[in-house]
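Everything below concerns the one structure shown next.
The values are calculated or read from the model by the stated rules, or taken from the named source; none is laboratory data. Since this is a predicted model, take the numbers as computed values, not measurements. Glycine gets a Cβ as well: all are built from the backbone with ideal geometry, and neighbour counts include every protein chain shown.
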C-alpha cells in the first residue's frame, strides 16, 4: 500500500516543494502572467484569490499540493498536485496543474510530469496514475495524450466550473506496465524540447 508524504523533487531546473502560504506572492505573479483564469476550463485562480486557493488545497483530504519553482531564479511558475490518493489500490492522480503563460510550451510541464510520474511509479510503487480534465479543454486533453496516457472515458455532469456550469470530466490513466515506455518517451521529448529552445 502506497504512502504519500510531503517531499521536494527536483529535475532539469524545476523544483516541486510542498505548497504553503509562503508561495502566495509568487503564485499571484504567476497567475497574473497571461490572465489564464479568464478561460472557463482552467483551475487557475484570479490573483486576489490565491490565498483561498492555497488554503483549499491544503485542507483537501487525499491531496498533496506542490509549488512549481524555477531553481535558478527561485520564481514560482505555477502549481500541481497529487490528488484523489487511494492507498488501498496504489492509485494517485496528478492534477490541479497550472503554469504562468510564459512557462507554457517550455520544458516545465514535461519536467514536472517526469518528476511526479517517476516518484509515483518508481518510488511509491503506484499501480496506476490518473489524470483528468474538462471536456472542453482540448489543449489539456492533447497535452495529456502526448504524455502517453490512455483515455478511460468521460464522467458526465461531474464537476462544477468557476462560472457555475457543470462540466463533463475526461478521465485518463497510465498503468505501471506502461510506465517504462512512457518514461523513455518523455525523456526523448524533453531532450528535443531543450535542443529546440
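Just the residues that are in contact with a helix residue (DSSP H, G or I) (Cβ under 6 Å, 6 or more places away or on another chain) and closer than 30 Å to residue 127 by Cβ, please, taken from region 20-53. Scanning region 20-53 gives a single hit, 42. Could you tell me whether residue 164 is surrounded by fewer than 16 Cβ atoms within 10 Å (Cβ to Cβ), under 23 Å from residue 3 (Cβ atoms) and out of contact with any strand residue (DSSP E or B) (no Cβ under 6 Å at 6 or more places or on another chain)? It is false that residue 164 is surrounded by fewer than 16 Cβ atoms within 10 Å (Cβ to Cβ), under 23 Å from residue 3 (Cβ atoms) and out of contact with any strand residue (DSSP E or B) (no Cβ under 6 Å at 6 or more places or on another chain). Can you say whether residue 31 is in contact (Cβ under 8 Å) with a residue 12 or more places away in the chain, in a helix (DSSP H, G or I), within 25 Å of residue 139 (Cα to Cα) and in contact with a strand residue (DSSP E or B) (Cβ under 7 Å, 6 or more places away or on another chain), as far as the supplied structure shows? No. For region 68-87: of the residues being in contact (Cβ under 8 Å) with a residue 24 or more places away in the chain and surrounded by fewer than 18 Cβ atoms within 10 Å (Cβ to Cβ), which is nearest to the chain's Cα centre (by Cα)? Top of the filtered list is 84.
The selection criterion, being under 22 Å from residue 169 (Cβ atoms), free of Cβ contacts under 8 Å to residues at least 40 places away in the same chain and either in contact with a strand residue (DSSP E or B) (Cβ under 8 Å, 6 or more places away or on another chain) or in a helix (DSSP H, G or I) (or both), does not hold for residue 65. Restricting 90, 33 to residues that are at pLDDT 95 or above and surrounded by 14 or more Cβ atoms within 10 Å (Cβ to Cβ) narrows the list to 90.
Residue 96 is checked against (1) touching a helix residue (DSSP H, G or I) at 6+ places or on another chain (Cβ under 6 Å); (2) not in a helix (DSSP H, G or I) and fails just one. What number does that condition carry? Result: residue 96 passes all but (1). Condition first: under 17 Å from residue 182 (Cβ atoms) and in a loop (DSSP other than H, G, I, E, B). Now tell me which residues in region 139-163 satisfy that. Matches in region 139-163: 148, 149. Do we have residue 106 as under 16 Å from the mean Cα position of the chain (by Cα), surrounded by fewer than 18 Cβ atoms within 10 Å (Cβ to Cβ) and in contact (Cβ under 8 Å) with a residue 12 or more places away in the chain here? In short, yes. When you check residue 190 against the structure, is it more than 24 Å from residue 64 (Cα to Cα) and in a helix (DSSP H, G or I), yes or no? The answer is yes for residue 190. Cβ-Cβ distances below 7 Å connect the following pairs, each with a first residue in region 120-148 that is at positive phi and modelled with pLDDT of 95 or more, a second residue that is surrounded by fewer than 20 Cβ atoms within 10 Å (Cβ to Cβ) and not in a helix (DSSP H, G or I), and a separation of six or more residues or different chains: 125/2; 125/90.
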